[in-house]
Amino acid sequence: MNSRTRSFPILALKNVAESDFIEFWSARYPANNEPAYQANIGKPLTKKRLLSLFEWKNSGPIAKLKLASIYRNYIDGKPVPPTPGDLRALETFIRQPGGAIWRIFWLHCHDPSRYPIFDQHVYRAMRRIEVGRPEEIPTTNRAKAKAYVEQYLPFHAAFKYPNAKKIDEALWSYGKYLKGKNAL
């Protein structure tokens, strides 16, 4: 084969419209476990549904100690969500025992339209979009709670795209990509 018939690909950054970004990156979201999410989200939070959703978030079976924490803090403990709009109470709620990311996820399970999913990947994507470079999620629950309330909620709310789940998928996929060794 000579050089005229071979193809030599390169990767390049290209700025696109918000909707194009969401469509591109959400298409790269791993959908293999989505039925578990779709079957349980937006329905009354029974013990079984909560466990299925936490397993979905965990990407599979949950280790014994983590499972004990989930029972203690989210199933047997039955947390009460903060009053909508009370950002100080929201931040305090997230800092309670059980881990900030799990608390935010429980809030998402309780009200997916009000509380977008938050984790290391969406944080990394947000920071890349906002400041031009990926940054890792804060390490303490206090700092994660503050980042979610003060940075991520306004960032997520600014999207005009009509499907919040697709926004979550796009940000997760983009953030996961940015963590890779070959990210641009």
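Coordinate-derived values only; no laboratory data. The shown structure was predicted, so the numbers you read here are calculated from the model rather than taken from an experiment. With ideal geometry, Cβ positions are generated from the backbone for all residues, glycine too; neighbour counts draw on all protein chains shown.
Counting only residues that are within 18 Å of N163 (Cα to Cα) and surrounded by 14 or more Cβ atoms within 10 Å (Cβ to Cβ), region 29-56 holds 4 of them. Residues in region 1-48 that are polar (S, T, N, Q) and farther than 30 Å from Y71 by Cα: N2, S3, T5, S7, N15, S19, S26.
Please pick out the residue among S26, S19 that is touching a residue at least 24 places away in the same chain (Cβ under 8 Å) and either surrounded by fewer than 10 Cβ atoms within 10 Å (Cβ to Cβ) or closer than 16 Å to G175 by Cα (or both).
Details: S19 fails: either surrounded by fewer than 10 Cβ atoms within 10 Å (Cβ to Cβ) or closer than 16 Å to G175 by Cα (or both).
Of the residues listed, the single one that is touching a residue at least 24 places away in the same chain (Cβ under 8 Å) and either surrounded by fewer than 10 Cβ atoms within 10 Å (Cβ to Cβ) or closer than 16 Å to G175 by Cα (or both) is S26.
Listed here are the helices (runs of 4 or more DSSP H) enclosed by region 114-184 that have at least 1 residues being among the polar types (S, T, N, Q) and closer than 18 Å to I104 by Cβ: 120-131, 141-146.
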